[in-house]
Amino acid sequence: MSEPLIELQNVSKHFGPTKALTGVSLAVHPGRILCLLGDNGAGKSTLIKVLSGYHPPSAGQILWEGRETRFSEPREARKLGIATVHQDVGTIPLMSVGRNFFLGAEPVRGRWPFRRFDSGHANRVALEQIRAFGISRVEDGEQLVGTMSGGERQVLAIGRAMYFGARLLILDEPTSALGVKEASFVLKMMTQARAAGAAIVFITHNARHAMSVGDDFAVLIHGEIAARFSRGEKSREEVLNLMAGGDEMAELEEHLEGIH
Amino acid sequence: MRKLIRRPEIGAVAAFLVTYLFFVVMTSGAGFVSADGTAGWLNLAAELGIVAVPVGLLMISGEFDLSIGSTVGMASMILALGTRYFGLPDWSMILLALVAGGGVGLANGLAVVRTGLPSFIVTLAANFIVIGGTMGVSRLIANVTSSSVAVSDPVKWLFAARWDQANIAILWWAAVALVGWWVLSKSPFGSWIYATGGNATAARGAGVPVDRVKIRLFISTGVAAAFVGVIQAVQWNSGNATYGMGYVFQAPIVVVIGGVLLTGGYGTVVGVVFGTALFGVISTGIFYTGWNTDWVQLFLGALLGVAVFANTQIRRLALQGR
C-alpha cells in the first residue's frame, strides 16, 4: 500500500469539558476510500472539521505526506488540496452551473477595467466536467443549479473539487439525502475519483453504501475509533452491530424489513 | 421561453410596458409621451435610480440599507454649509460629502458583519443617527438645518445641467446602471455578490470573502446616496437635512419590483432599472391623467404587492425549468 496522504495520530478534541474525539488514529491513502461510519453524535462532524482545518486538535498530531502539520485556518488545508463537500451547503441554487463551478476562482478575460468573468469558458468546462461523470441532462451552463437534482448537485460539487486539484476529498454524508438511483450515481462518481488517484474520506451512516465502495473502514462511537477493518473482513451485519455499539442492530433491521 | 423565464427582470419589464401603455392611453393628448413628459418621469426616476442600483446589488447580497435617505440630506448639508457658511471650495466639499457617505456605509457594513445583527435594524438606526446628527451639528455650527449653496459654474453644469426639461441626472443614472450591470453580470465580483446572498456558508467555503463583499456594497450605497445629495443641493441651490427621506423605502420598493429577491441571491440591474422607471412613470403619469396625485401611493403599494407575488411565481418557474 502507498504512503498515507494524511494521517491522524492519537488526535483528541475537546470543547471545554466535552470530549468530542479521544485518541483517534487513522490514515487515508491516495486511490483509496476510507469509510467513516458512526451514528449521529459519534463525533463525525468534529473529525471532518479537524481534517479540513476548522478545528486544531487539542492533542495528538496530523501528518500530511508524512510530515507533521498544523492548519491555522481552513484556507491552509484547502491550499494543500483538502476539499470538503457537505451534504447540503455545497452549491448556490439561484446561480448558474458555470458560476457555481468556478465560484471563488473565476476565470477572466480581457484587460482591466474590462476584465470580465469568462462565462463561455466557465460554462463549457463545467458541463464537460459533469458530463465526464455521467450527467447529461444539464445542457446549458447558464441553467440555475436549483433546477438540478440533489445527486446532480453533489456530483457538481465533487467534480468541482476534483477539477481544482483536490487530493483529499472529504464527503460528508453525500448519499444520505438521495434516492437509490441518485445515490448509486454519486457512489459511482466516488469510484471514478478514486481511480483518478484521490484519497477519499466517505462519511456515512449507511452501511450498505459504505460497503459498496469502501476500501478501509473505521467505526466511530462516542468520539473513539471502535473498530477498524478492510474490505471483505466483516459482513454487513457485523458492521451494523459495531455502529450500534454492539446491540443486535442487524437482527432488528431484518425484523423491520420483514414487516414491510 | 425557458431562457426568458430565467430572467429575474422579466416581471418588471412587462409591468413597465403595461403601465406605460396604460398611461399613454389614459393621458392621450395631455403630453405624457411628449419630450417634456418623458423627461419628467426620467428626471424623477434618475435620482432614485442612482441610489437604487447599488441598493439592488446590496440586497442581492442579502442586506438592506435604510440609511440612504438621511445620507442624501447629510451630503447636501455638507456641501451647503461648507460652501456658504465656511466659504470652502466646492470641489473639496463635494469630495468630503462623498467620503462622508462612504463612511456611513463603512460603519453600517462593519456593524452588520461584526455584530451579525439584521441590517434592516442596524441601518434603520443609522438613518436616524445620521439625520439627527446632521441637524444637530448644523444647528451647532450655523443654527440652521437648511442652507443655500455657493457653487461654481462647472459644478452647476456637472450636477444640474438641463436640456429643455431633461436633467443631467438621467445621464448619471445611465452611467451608474452601466457600472452596476457590469459589476453584477460581468465581473467575478458579481458572482461573489450572488453567492453571498444565495448561500453565505457555501460562498465562504469556496473562498469568497463574504464580509468584505458586504462592506464594499454598503460603502457603494453610501457614496451613491451622497452623490444624489450633491445633485439635489446643486439643483435646488440649497442643502437640507431632510432631503432624501422618501428614498428610505422607495429604493427597496423599486428594487423588489425589479425582481430582486428580498432574501438575496437573485435579481439583475436591468430589473432594478425598469423597476425605477416604473416608479417614475406612475408618479408622473397620474399627474398627466388629471387625477389626484394622492393615488400614487396606492398604485405603488398595489404594485409592490403584485410584484412580490409575481416574482415568487417566476422564480418557481425558473427553478422548474428543465
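Values quoted throughout were computed directly from the atomic coordinates according to the rules given, and no laboratory measurement underlies them. Not measured: the values here are computed from a predicted model. As a convention, Cβ positions derive from the backbone with ideal geometry for all residues, glycine included, and neighbour counts pool all protein chains shown.
At-a-glance table
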{"quantity": "Top of A:Thr191, A:Thr18, A:Thr91 by mean-square fluctuation, Gaussian network on chain A, Cα under 10 Å", "calculated": "A:Thr18"}
{"quantity": "B:Thr115-B:Thr201 FRET efficiency (beta carbon distance; Förster radius 25 Å; 0.05 resolution)", "calculated": "0.85"}
{"quantity": "Cβ-based net charge around A:Ala20, under 13 Å, with every Lys or Arg adding one and every Asp or Glu removing one", "calculated": "+3"}
{"quantity": "A:Asp39, A:Asp215, B:Asp294 arranged by Cβ crowding within 10 Å, fewest neighbours leading", "calculated": "B:Asp294, A:Asp39, A:Asp215"}
{"quantity": "Most fluctuating residue given options B:Leu58, B:Leu17, B:Leu300, as computed from a GNM of chain B linking Cα atoms under 10 Å", "calculated": "B:Leu17"}
{"quantity": "CD proxy at 222 nm, helix term only [per DSSP H run n ≥ 4: -39500 (n - 2.57); per residue of chain B; nearest 500]", "calculated": "-24000 deg cm²/dmol"}
{"quantity": "Loop GluC sites (Glu not before Pro), the range A:113-204 (other Cβ atoms within 10 Å of the site Cβ: 15 or fewer; DSSP)", "calculated": "A:Glu139, A:Glu142"}
{"quantity": "Cα gyration tensor, the protein assembly as shown - rounded (a/c under 1.5), prolate or oblate", "calculated": "prolate"}
{"quantity": "Descending semi-axes in Å of the range A:97-171, equivalent ellipsoid built from Cα gyration tensor", "calculated": "22, 15, 10"}
{"quantity": "The range A:74-205: projected area of the alpha-carbon convex hull, averaged over directions, in nm²", "calculated": "8.4 nm²"}
{"quantity": "Pair B:Asn143, B:Leu124: separation of 7 Å Cα→Cβ label points (nm)", "calculated": "3.7 nm"}
{"quantity": "Loop-located chymotrypsin sites (Phe, Trp or Tyr not before Pro) in the range B:68-108, at most 11 other Cβ atoms within 10 Å (DSSP)", "calculated": "B:Phe86"}
{"quantity": "28 Å Cα-Cα reach of B:Lys214 towards lysines, excluding residues that sit fewer than 8 places from it in its own chain", "calculated": "A:Lys49, A:Lys79, B:Lys186"}
{"quantity": "0 to 90° range, to nearest 10: angle between helix A:249-259 axis and chain A longest Cα axis", "calculated": "70 degrees"}
{"quantity": "Gyration tensor verdict on the range B:18-99 (Cα atoms; rounded if a/c is under 1.5, prolate if a/b is larger than b/c, oblate otherwise)", "calculated": "oblate"}
{"quantity": "Helix axis angle, A:150-163 relative to chain A longest principal axis, alpha carbon, degrees", "calculated": "80 degrees"}
{"quantity": "Neighbour count of at most 16 Cβ within 10 Å plus DSSP loop: longest chymotrypsin sites (Phe, Trp or Tyr not before Pro)-free window in chain A", "calculated": "A:165-260"}
{"quantity": "Alpha-carbon centroid distance for the pair the range B:91-160 / the range A:1-71, whole angstrom", "calculated": "52 Å"}
{"quantity": "Descending semi-axes in whole angstrom, ellipsoid equivalent of the range B:2-320, from the Cα gyration tensor", "calculated": "30, 27, 16"}
{"quantity": "Helical contribution to [θ] at 222 nm, DSSP H n ≥ 4, -39,500 (n - 2.57), averaged over chain A, rounded to 500", "calculated": "-10000 deg cm²/dmol"}
{"quantity": "Sparse-neighbour loop sites [GluC sites (Glu not before Pro); the range A:183-245; at most 16 other C-beta within 10 Å; DSSP]", "calculated": "A:Glu233"}
{"quantity": "Kyte-Doolittle at least -1.0, axis length at least 20 Å by Cα - qualifying DSSP helices, chain B", "calculated": "B:10-26, B:35-60, B:90-115, B:119-142, B:210-235, B:269-289, B:295-320"}
{"quantity": "B:Leu317-A:Ser235 FRET efficiency (beta carbon distance; Förster radius 56 Å; 0.05 resolution)", "calculated": "0.70"}
{"quantity": "Rounded to 10°, Cα long-axis angle of helix A:119-132 versus longest principal axis of chain A", "calculated": "40 degrees"}
{"quantity": "Theoretical FRET efficiency, 1/(1+(r/R0)^6), r = Cβ-Cβ of A:Asp39 and B:Asp211, R0 45 Å, to 0.05", "calculated": "0.80"}
